Structures are given as C-alpha cells and as structure tokens.
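Notes follow the structure.
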Amino acid sequence: MEYTTLGTTGVKVSRIGLGAWQFSQTWGLTDYETAKSIIAKALESGINLIDTAMVYGRGMSEEFVGRALKELGVKRDEVVIATKIPGDFLAYDDVFKAVDRSLKRLQVDYIDLMQVHWPPCWHNHPTCEYMKALERLVNLGRINYIGLSDFPVELVDAARSCLSRVDVEVLQVRYNLAERQAEKELIPYAEENGMSLLAWSPLAKGAILGKYSLEEAQKLQDVRSGDPLYHPDNYPQVLQLAAKIKEVAEKYGKTPAQVALNWLIMYSDTVIPIPGAKRPEQVEDNAGAVGWRLSYEDWRLLDEASRGLRITYVTW
Ligand SMILES: NC(=O)c1ccc[n+]([C@@H]2O[C@H](COP(=O)([O-])OP(=O)(O)OC[C@H]3O[C@@H](n4cnc5c(N)ncnc54)[C@H](OP(=O)(O)O)[C@@H]3O)[C@@H](O)[C@H]2O)c1
C-alpha cells in the first residue's frame with residue numbers, strides 16, 4: 001500500500017480507501033459477517049481509510065463499521081474513520097444530535113473526518129450555522145477534521161469563511177474515468193488549497209469494468225437500476241471505454257479496476273479513490289491499484305478514450 005497525507009492534517013491515510021455505502025439495502029449487502037470480512041481484508045491490505053455516512057442503510061453502514069473494527073481488535077489510531085452528516089440534519093442543534101448518534105453507532109469517542117454529505121437544499125440552513133456547529137464539535141474533541149461532499153467551489157469558499165480556527169481539509173465528489181467533471185473546478189481547488197479529494201464512485205459503480213453486457217446491466221436490481229451510466233443512451237459508449245481499460249490491464253497483468261484507479265491517482269496527488277466492495281476479493285484487488293504506475297503513453301490512451309465519451313444525464 002502507498003500512503004499520503006489527509007489534507008494539511010499530517011494524518012497518514014492509504015492512497016486507496018474503502019467506501020462503505022455497500023453495507024445498505026440500496027446496494028444489497030446487509031449481511032454483517034460479509035461486511036466484516038470486507039473490512040478485515042481492507043485492513044490486511046493496508047487500507048486505513050474507511051468512508052461511511054449516516055444515511056447508508058440509515059445507520060447500518062456505520063454500525064457495521066464500528067462493530068467490525070471493535071471485533072477485529074483495531075486500535076483507534078490504526079484507522080481513519082470518515083463519515084457524513086446529511087444535508088437535512090444541519091440545524092445547529094441537529095448537528096450535535098446527529099453526531100452523537102454517529103459516535104454511538106461507530107462505538108468511538110471521536111470521528112476523524114466529518115463531512116457534510118450534501119449542501120442543504122430542502123431547508124434554509126445558513127452555511128455558517130452548521131459550519132460553526134461542526135467547528136464547536138472539533139473544539140470539543142468529538143470530530144477531528146471537517147470535509148465537504150458534493151459542494152460547488154463557491155459554497156466551499158462560503159463554508160470556509162465561517163470557520164475561525166480550523167479549515168476544511170477534504171472535498172468529496174464523484175470522479176471516475178467516465179465522469180470527469182471534478183477536473184473542472186474541484187480538483188484544481190483542492191490542489192491550490194492543500195486539500196484531499198475523496199473520489200466517490202471511482203469505478204463508476206462497476207460500469208467501466210465491462211462486467212455486465214447491455215442486457216445484463218438493464219437487469220441490475222440495486223442502486224444501479226437508475227444510474228445514468230447504465231442507461232442504454234450511455235452504456236454502449238461506457239462499454240467501449242471498458243474495452244480499452246481491459247486492453248491496458250492485460251498489458252500490465254493488472255485488473256481493469258486496478259488500472260481505472262491507478263489512472264485517477266496519477267491525475268492528481270490530491271485524489272484518494274474510495275471504491276466500495278461487495279466481496280473481500282474486490283478490496284484486495286482494489287488495494288493492488290497502487291505500488292506501480294501506468295506509463296505516460298497508456299495514461300494518455302485512456303485519457304483520450306474517456307474524453308471521447310458523451311454522457312447525458314437526461315435519461316427520461
Ligand atoms: N459523497 C457522496 O455523495 C457519495 C456518493 C456515492 C458514493 N460515495 C462513497 O463512495 C464509495 C464508492 O462509490 P460507489 O459505491 O458508488 O461505487 P464504486 O466504488 O465505483 O463501485 C463499487 C462497486 O463496483 C464493484 N466492484 C468494486 N471493486 C471491484 C473490483 N475490484 N472488481 C470488479 N468489481 C468491483 C462492486 O459491485 P458489483 O460486484 O455488484 O458489480 C462494488 O459494489 C461508496 O461506498 C461511498 O462510500 C459517496
């Protein structure tokens with residue numbers, strides 16, 4: 001495993017993290033023992049950053065992560081736990097209440113990284129109200145660092161201006177070879193400001209791995225049934241990219257997932273992909289995305305192939 005530093009914190013985190021959204025009804029992994037074996041394999045592979053959220057399985061993911069870390073005898077400073085507070089829980093008092101519940105589910109007395117999952121859009125929660133609540137929780141030792149997920153740069157600036165003694169250390173956004181919008185503003189922003197950028201759906205929910213034919217993709221029953229990348233308007237192009245990724249992978253004796261993740265970390269030092277996994281073998285595979293690099297020529301080949309995609313989100 002390779003390691004990097006989380007933002008400006010000095011905290012050592014693995015170059016590849018583990019996403020824990022899979023531990024939910026949405027993704028269909030609700031068996032605790034399987035979740036535990038995935039977490040165990042992640043740790044064994046050198047992954048020390050786990051990304052969960054309050055909304056994943058309405059607490060199930062946090063519970064599984066906390067319980068597994070306890071049962072596996074992981075010391076608190078051996079793992080970096082990142083979780084998220086939903087955009088609906090951002091009234092000042094609710095921030096405290098939600099974080100208290102998170103701490104309980106995770107069975108810890110502090111959370112390494114608390115990210116605002118998405119900006120408040122259904123309620124008028126003023127930005128400084130929830131940012132100041134989070135900063136107070138840092139002062140009180142319940143949160144170590146603050147991150148923002150799915151925030152545009154204008155709102156990141158506004159959120160940072162509310163903080164007095166700490167800063168935003170992490171941005172989190174969708175980023176994979178088929179969906180590269182993060183390169184426009186958020187990655188440059190993270191680079192300029194010494195932040196880490198956690199890349200969510202770094203495998204495009206498996207779409208860029210070419211595991212499923214067009215017909216099979218239409219039958220997926222989980223969260224992917226409504227995902228634009230799997231839609232017939234987009235998926236044939238995604239499969240063409242998947243074929244290129246596979247070709248490169250074969251050349252290196254690597255898997256498509258390893259190549260797709262390696263490409264992302266080569267794009268920017270700030271990028272930390274957090275792939276999810278349904279089985280321990282997938283975590284092991286994803287951990288093998290580091291310790292080597294694509295040649296510049298092969299990186300460019302995939303760059304060109306992915307730039308050719310015209311993904312539309314207007315699928316109905
Ligand atoms: N902040 C946000 O708004 C937000 C949004 C989405 C996700 N996230 C975070 O990002 C994490 C990852 O994103 P994601 O779950 O959307 O998608 P992802 O990591 O791109 O894809 C995960 C899926 O790909 C397949 N897979 C994983 N590793 C594989 C491998 N080595 N070989 C073959 N298939 C593999 C598995 O599905 P199958 O085996 O079923 O094909 C797995 O469930 C989440 O767990 C969550 O922590 C955050």
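The values are calculated or read from the model by the stated rules, or taken from the named source; none is laboratory data. What you see is a predicted model, and the numbers here were worked out from it, not measured in a lab. Positions of Cβ are generated from backbone atoms using ideal geometry, with glycine treated the same way; all protein chains shown enter the neighbour counts. Ligands, DNA and RNA are stripped out before the accessible areas are found, and what is left, the full protein with its side chains, is counted by its heavy atoms. Shrake-Rupley method; radii C 1.70, N 1.55, O 1.52, S 1.80 Å.
So the values come out like this:
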read-out	value
Residue 214, sole failed condition from (1) at pLDDT 95 or above; (2) away from the ligand (no atom under 14 Å from the Cβ)	(1)
Members of the stretch 51-77 found to be of a type in the set (A, V, I, L, M) and touching a strand residue (DSSP E or B) at 6+ places or on another chain (Cβ under 7 Å), listed by number	53, 54, 65
Residue that is farthest from the ligand (Cβ to nearest atom) [pool: residues in the stretch 114-134 that are open to solvent by less than 10 Å² (accessible area, probe 1.4 Å) and touching a Lys or Arg at 6+ places or on another chain (Cβ under 9 Å)]	131
Positions within the stretch 197-211 being within 6 Å of the ligand (Cβ to nearest atom) and not aliphatic (A, V, I, L, M), in sequence order	200, 201, 202, 205, 206, 211
Leading residue by the ranking (most open to solvent (accessible area, probe 1.4 Å)) among those in the stretch 183-233 that are among the basic types (Lys, Arg) and either touching a Ser or Thr at 6+ places or on another chain (Cβ under 7 Å) or within 18 Å of residue 313 (Cβ to Cβ) (or both)	184
Candidate set from the stretch 230-287 (those that are within 17 Å of residue 178 (Cβ to Cβ) and in a strand (DSSP E or B)); member that is farthest from the ligand (Cβ to nearest atom)	271
Enumerated helices (runs of 4 or more DSSP H) restricted to the stretch 10-108, each holding at least 1 residues that are within 20 Å of residue 286 (Cα to Cα) and either of a type in the set (Gly, Ala, Ser) or within 14 Å of the ligand (Cβ to nearest atom) (or both)	32-44, 60-71
Residues satisfying the stated conditions in the stretch 30-47, i.e. in contact with a strand residue (DSSP E or B) (Cβ under 8 Å, 6 or more places away or on another chain) and crowded, with 22+ Cβ neighbours inside 10 Å	38, 39, 42, 47
Lone unmet requirement of (1) open to solvent by 20 Å² or more (accessible area, probe 1.4 Å); (2) within 15 Å of the ligand (Cβ to nearest atom); (3) touching a Leu at 6+ places or on another chain (Cβ under 7 Å); (4) under 20 Å from residue 175 (Cβ atoms) for residue 305	(2)
Set 230, 145: member being touching a helix residue (DSSP H, G or I) at 6+ places or on another chain (Cβ under 8 Å), farther than 24 Å from residue 4 by Cβ and touching a residue at least 12 places away in the same chain (Cβ under 8 Å)	230
Test result for residue 11, at pLDDT 95 or above, surrounded by fewer than 24 Cβ atoms within 10 Å (Cβ to Cβ) and more than 16 Å from residue 134 (Cβ to Cβ)	yes
